[in-house]
Amino acid sequence: MSAGGLHSLATIIKRLEATTSRLEDLASLATSYLPPPAQGTAAAAANASVNAEPTPVPPPPPPPPARAAIAGPVGSIELPRSVVAFDEQIVDGKLKPFVELTKSFASSSVIELVGLVEQEYKDLRELLLLAASCRKPEQGEFEKLLGPLQKDIEAITRAKEANRKDREWFNHLSTVAEGAPAVGWVTAAPKPGPYVAEVKDSTQFYGNRVLKEFKEKDPKHVEWVKAYVALLEEMRKYIMDHHTTGLAWNPKGISVDQFKSSLSLSASAGGAPPPPPPPPPPAAPPAPAGGAAPAAGGINAVFEQLNRGEEVTKGLRKVDKSQMTHKNPALRAGGVVPATTSSPPAAAKKPTKPSKPQALMGKKPSKFALEGNKWAIEYQENQSPLTLDNVEISQTVNLYGCKNTTVVIKGKCNAVTMINCTKTSVLVDSVISSISVTNSPSFALQITGKAPTIQLDSTDSGQIYLSKDCLDVEITTAKCSSINVSLPVEGEEEGVFNEHPIPEMFRTTIVEGKLVTTAVEHAG
């Protein structure tokens, strides 16, 4: 045999040895997934296969699918495209970064509120998954499906009101709470996209306050507002792509009951067992047997006396007119208590009538009604927001005596008047005539469209936000102070403003027999 043939034979033997070693490894790997009795049988078969002809290796099992699947009545179904887009664009793209940013700097109250928003979007995703898999149900059944979202919105509102004392972060809380109803687009057919845009504008109203307060202090607050507004804007874009005229259902899908039963079956088959119930609460300690009876005096005795009814006044004696100080000036002038020092007694002061406490003043009934062509909004307190939809050109909006209230006016109206309101905010699209604010301290006004005139009278502290279409407005003031006007910055994105104060100091000179008044400008 030639040297070339020997070399070829040695190469073949080495390749056979490598193949045998590989087969042994595969056999031992396969037996590791078998029960012990079967493992012994498989091992013996593997040893026998070393001396036998090699058999083809079975292909490895296919890898699990990259995306999660939902269980259906027949096998499993890939996630619908609309739900995948929701996860990528909104949950992963905007919501998670916003939550992480909040946790990096915000207070516990804001973090708690953002956590509720995160749960709200999880419930929205479940509804989108159900809609993509099911036929459209009856209206009554659909309202039941909206229950989790309604509870989420109510929980966010309650959490905001519960943390009202957190004044430093209350504008942040209001910003988040204003954006919470955005998930209601599932009921806003046939225009869910414009609905989310309106919610975004309402959110921007409070977001502008945060931008104004922290623009120069901490850029994280500015980034936080922009991230939340971007979340709402991304959801509007998602709706226009996948749910243009309303929540899209699957006309060839299964019923809602079948979908729920399939989910419950898959959860019972593959889910982990439920955690054990918590231990029972500790029993209350028994009362001591020989405990002493409560004392006769103290608060119990006071309530006993008050509960006697008309008998409580039997021990009082009638005061004679000669002993009444308001009928006898001589008694008021004389000192009943002897003086402890030799200094002359102070002159008697005229008694002043005590003012009635605010808590005891009668609260007037609130009003929110259209009377003819006038909207009357009166004595509203802590309402956020009150929305006027589709106002008409001939209608006027009158606010009177409101406190801590936000009013949103959608559409073009004739005029807006605000009188004797405190800490009241108005968001209006467009006005034909004028907007008048009288004796309403700490007001806020934002115009998203156009208004020719703004009149301010006897008002201290106010914020006015103008749109790019409203830069030709005329503002007149009388007996006002601390009024700031925020103008949009040219070339910047929406929501970036520059604040300009309205002058309060004037200089008047006499020129050719006439008074000429100009605003005093301070340099530096």
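Numbers below:
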read-out	value
Residue that is nearest to the chain's Cα centre (by Cα), among those in the range 479-519 that are open to solvent by 100 Å² or more (accessible area, probe 1.4 Å) and farther than 24 Å from L445 by Cα	F506
Failed item in (1) more than 19 Å from S425 (Cβ to Cβ); (2) open to solvent by 40 Å² or more (accessible area, probe 1.4 Å); (3) not acidic (D, E), with K212 passing the rest	(1)
Residues (open to solvent by 30 Å² or more (accessible area, probe 1.4 Å), farther than 30 Å from N382 by Cβ and part of a loop (DSSP other than H, G, I, E, B)) located in the range 124-168	R135, K136, E138
Residue within the range 175-191 that is more than 22 Å from L124 (Cα to Cα) and under 22 Å from the mean Cα position of the chain (by Cα) present	no
Matching residues, the range 109-123, being in contact (Cβ under 8 Å) with a residue 24 or more places away in the chain, among the acidic types (D, E) and open to solvent by 10 Å² or more (accessible area, probe 1.4 Å)	E112, D123
Number of the exception - I447 against (1) over 26 Å from K367 (Cβ atoms); (2) open to solvent by less than 30 Å² (accessible area, probe 1.4 Å)	(1)
Residue, most open to solvent (accessible area, probe 1.4 Å), within the range 185-209, restricted to residues that are aliphatic (A, V, I, L, M) and either in a loop (DSSP other than H, G, I, E, B) or touching a Lys or Arg at 6+ places or on another chain (Cβ under 8 Å) (or both)	A189
Residues (of a type outside the set (A, V, I, L, M) and surrounded by 20 or more Cβ atoms within 10 Å (Cβ to Cβ)) located in the range 222-235	W224, Y228
Flag for V57 being at pLDDT 90 or above, out of contact with any Phe, Trp or Tyr (no Cβ under 7 Å at 6 or more places or on another chain) and of a type in the set (A, V, I, L, M)	no
Residue among T459, T406, T438, T424 that alone is more than 18 Å from N484 (Cβ to Cβ), touching a residue at least 24 places away in the same chain (Cβ under 8 Å) and among the polar types (S, T, N, Q)	T406
Residues located in the range 236-247, provided they are at negative phi, open to solvent by less than 40 Å² (accessible area, probe 1.4 Å) and outside any helix (DSSP H, G or I)	H243, L247
Considering residues of the range 96-123 that are of a type in the set (S, T, Y) and part of a helix (DSSP H, G or I) only, the residue farthest from K220 (Cα to Cα)	Y121
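Residue-wise test of (1) assigned to a helix (DSSP H, G or I); (2) modelled with pLDDT under 90; (3) surrounded by 19 or more Cβ atoms within 10 Å (Cβ to Cβ).
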site: V176; (1), (2), (3): yes, no, yes
site: G179; (1), (2), (3): yes, no, yes
site: S268; (1), (2), (3): yes, yes, no
site: P279; (1), (2), (3): no, yes, no
site: P282; (1), (2), (3): no, yes, no
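The values are calculated or read from the model by the stated rules, or taken from the named source; none is laboratory data. Here the structure is a predicted model, which means the values were calculated and not measured. Cβ atoms come from the backbone with ideal geometry, glycine included; neighbour counts cover every protein chain shown. For accessibility, only protein heavy atoms count, side chains too; no ligands or nucleic acids. Shrake-Rupley method; radii C 1.70, N 1.55, O 1.52, S 1.80 Å.
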